[in-house]
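**Student:** Here it is, the structure in full.
The values are calculated or read from the model by the stated rules, or taken from the named source; none is laboratory data. This structure is a prediction, so every number in the text was calculated from the model and none was measured. FYI the Cβ positions are ideal-geometry reconstructions off the backbone, even for glycines, and counts take in every protein chain you see. Areas reflect the complete protein model, heavy atoms only, side chains present, ligands, DNA and RNA absent. Shrake-Rupley method; radii C 1.70, N 1.55, O 1.52, S 1.80 Å.
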Amino acid sequence: MEEFNEWISYRRNLINKNLELFLEKKNNHQKMIYDAMNYSVFAGGKRIRPILTLASYEIFDYNINIPMPFACAVEMIHTYSLIHDDLPSMDNDDFRRGKPSCHKKFGEDIAVLAGDALLNKAFEIIFDMNTNPKSNLENIFKAGKFLSFASGSEGMIGGQIVDLHHKKNNLEILKYMHIHKTGALINASCKIGGILGKANNKEFSSLDEFSKNLGLAFQVKDDILDTEGKNEEIGKPTGSDVENKKLTYVSLLGVEKAKKLEKELTEKSISSLDHFGSRGNHLKKLALSLLHRKN
Ligand code: GRG
């Protein structure tokens with residue numbers, strides 16, 4: 001456990017250092033946008049998706065500098081989605097990561113632009129990767145395609161549309177929404193690690209299977225935390241799903257069945273890594289730690 005905590009902290013710190021470099025503040029006329037981008041990116045996120053990218057890559061190779069720009073890009077896209085999701089025209093949330101949400105701090109106009117700028121920055125740093133002689137251009141393009149697809153209208157944005165504009169009244173549509181809204185980026189985070197690590201077809205499929213189940217488990221846990229979590233640990237008021245009469249795994253199945261489902265999905269995800277042997281251990285531990293997370 002101690003070893004795993006150190007393993008996580010080391011990667012989280014490295015991701016934060018790289019994010020700082022990529023998002024260096026500029027003291028020019030558009031300083032405000034850098035302030036807003038940095039505010040949201042450094043508001044205390046867990047960095048789960050970039051750690052998944054690194055951990056997936058590490059099944060194949062130890063040099064985590066290679067996937068690092070992608071790991072940071074994934075986190076930037078995730079943060080952009082949270083900034084936009086919190087806007088009054090979407091979920092209208094005043095708090096995020098324990099702090100006033102971006103639009104509460106900087107105003108709606110800046111929050112929209114900060115989200116847009118993070119999305120653009122993400123792809124800028126990926127295109128910059130071709131300057132690294134160790135990078136394989138073909139794999140960078142392939143991974144970049146996965147990331148843009150997962151973030152777009154057939155991925156995360158697609159899920160958000162279902163959330164905002166579809167009547168959600170059964171498990172099937174709920175699952176569809178979450179596979180896209182939350183699952184797609186988690187899935188891409190792992191697949192990117194596999195592509196850059198030059199995984200073969202079987203290995204790539206295992207990472208795909210792992211992250212699909214993990215993404216769903218992650219969302220079920222999110223629903224459980226909204227019912228059972230503590231405001232101060234989660235960083236925003238809990239109980240909002242019930243208040244907003246949202247369809248969730250908890251409202252559909254009840255909390256006990258939702259917990260059972262989350263456990264089953266986590267176990268399923270873990271078992272798809274079995275053929276990696278001990279090389280899959282950190283990813284497995286990561287999945288287990290998400291099952292027990294408090295925020
Ligand atoms: C606006 C294009 C657009 C998309 C929004 C992902 C998303 C789509 C909205 C977020 C809504 C939400 C809270 C979903 C629950 C699952 C989730 C993504 C939780 C937040 O992720 P964590 O727990 O957050 O990894 P931190 O703050 O740790 O990074």
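**Student:** Among the residues of the range 34-59, write down those that are farther than 16 Å from Ala287 by Cβ, not small (Gly, Ala, Ser) and not in a helix (DSSP H, G or I).
**Tutor:** If the condition is that a residue be farther than 16 Å from Ala287 by Cβ, not small (Gly, Ala, Ser) and not in a helix (DSSP H, G or I), then Phe42 is the only one that fits.
**Student:** For the range 92-125, give me each residue that is within 13 Å of the ligand (Cβ to nearest atom), over 18 Å from the mean Cα position of the chain (by Cα) and not hydrophobic (A, V, I, L, M, F, W, C).
**Tutor:** Asn92, Asp93, Lys99, His103 - these are the residues of the range 92-125 that are within 13 Å of the ligand (Cβ to nearest atom), over 18 Å from the mean Cα position of the chain (by Cα) and not hydrophobic (A, V, I, L, M, F, W, C).
**Student:** Would you call Tyr57 among the hydroxyl-bearing types (Ser, Thr, Tyr), open to solvent by 20 Å² or more (accessible area, probe 1.4 Å) and more than 15 Å from the chain's Cα centre (by Cα)? Steps first, answer last, please.
**Tutor:** Values: among the hydroxyl-bearing types (Ser, Thr, Tyr): yes; open to solvent by 20 Å² or more (accessible area, probe 1.4 Å): no; more than 15 Å from the chain's Cα centre (by Cα): yes.
No: the conditions fail for Tyr57.
**Student:** Identify, please: which residue in the range 146-169 is more than 13 Å from the ligand (Cβ to nearest atom) and touching a residue at least 40 places away in the same chain (Cβ under 8 Å) and is, among those, surrounded by the fewest Cβ atoms within 10 Å (Cβ to Cβ)?
**Tutor:** Among those residues, the one meeting the criterion is Asn169.
**Student:** Take the range 73-91 and flag every residue that is within 15 Å of the chain's Cα centre (by Cα) and within 13 Å of the ligand (Cβ to nearest atom).
**Tutor:** Applying the first criterion (within 15 Å of the chain's Cα centre (by Cα)) to the range 73-91 yields 73-85.
Result: Val74, Glu75, Met76, Ile77, His78, Thr79, Tyr80, Ser81, Leu82, Ile83, His84, Asp85.
**Student:** Something else now. Show me the helices (runs of 4 or more DSSP H) found entirely inside the range 182-259 where at least 2 residues are open to solvent by 60 Å² or more (accessible area, probe 1.4 Å), more than 22 Å from Tyr80 (Cβ to Cβ) and at pLDDT 95 or above. Lay out the reasoning, then the answer.
**Tutor:** Numbers: elements: 184-196, 201-228, 231-234, 240-243, 249-253.
Passing ranges, in order: 201-228.
**Student:** State which residue pairs qualify: first residue farther than 16 Å from Arg293 by Cβ and inside the range 254-276, second residue outside any helix (DSSP H, G or I) and open to solvent by less than 30 Å² (accessible area, probe 1.4 Å) in any location, beta carbons under 7 Å apart, and separation of 6 or more residues or different chains.
**Tutor:** Listed by first residue and then by second, the contacts come to Phe276/Ile59.
**Student:** So which helices (runs of 4 or more DSSP H) are wholly in the range 71-168 and hold at least 3 residues that are over 25 Å from Lys31 (Cβ atoms)? Show your work before the answer.
**Tutor:** Numbers: elements: 102-106, 108-127, 137-151, 156-165.
In the range 71-168, the matching helices (runs of 4 or more DSSP H) lie at 137-151, 156-165.
**Student:** Next question. I want to confirm something. Restricting to the range 5-47 and keeping residues that are free of Cβ contacts under 8 Å to residues at least 12 places away in the same chain and either in contact with a helix residue (DSSP H, G or I) (Cβ under 6 Å, 6 or more places away or on another chain) or of a type in the set (Ser, Thr, Tyr) (or both), which single residue is most open to solvent (accessible area, probe 1.4 Å)?
**Tutor:** Tyr10
**Student:** Let me ask another. Among the listed residues Cys102, Cys72, identify the single one that is among the hydrophobic types (A, V, I, L, M, F, W, C), in contact with a helix residue (DSSP H, G or I) (Cβ under 7 Å, 6 or more places away or on another chain), over 20 Å from Gly197 (Cα atoms) and buried (at least 22 other Cβ atoms within 10 Å of the Cβ).
**Tutor:** Numbers: Cys72 fails: over 20 Å from Gly197 (Cα atoms).
Cys102 is the lone residue from the list that is among the hydrophobic types (A, V, I, L, M, F, W, C), in contact with a helix residue (DSSP H, G or I) (Cβ under 7 Å, 6 or more places away or on another chain), over 20 Å from Gly197 (Cα atoms) and buried (at least 22 other Cβ atoms within 10 Å of the Cβ).
**Student:** Mind listing whichever residues of the range 1-59 are of a type in the set (Phe, Trp, Tyr) and modelled with pLDDT of 95 or more?
**Tutor:** Answer for the range 1-59, where residues must be of a type in the set (Phe, Trp, Tyr) and modelled with pLDDT of 95 or more: Trp7, Tyr10, Phe22, Tyr34, Tyr39, Phe42, Tyr57.
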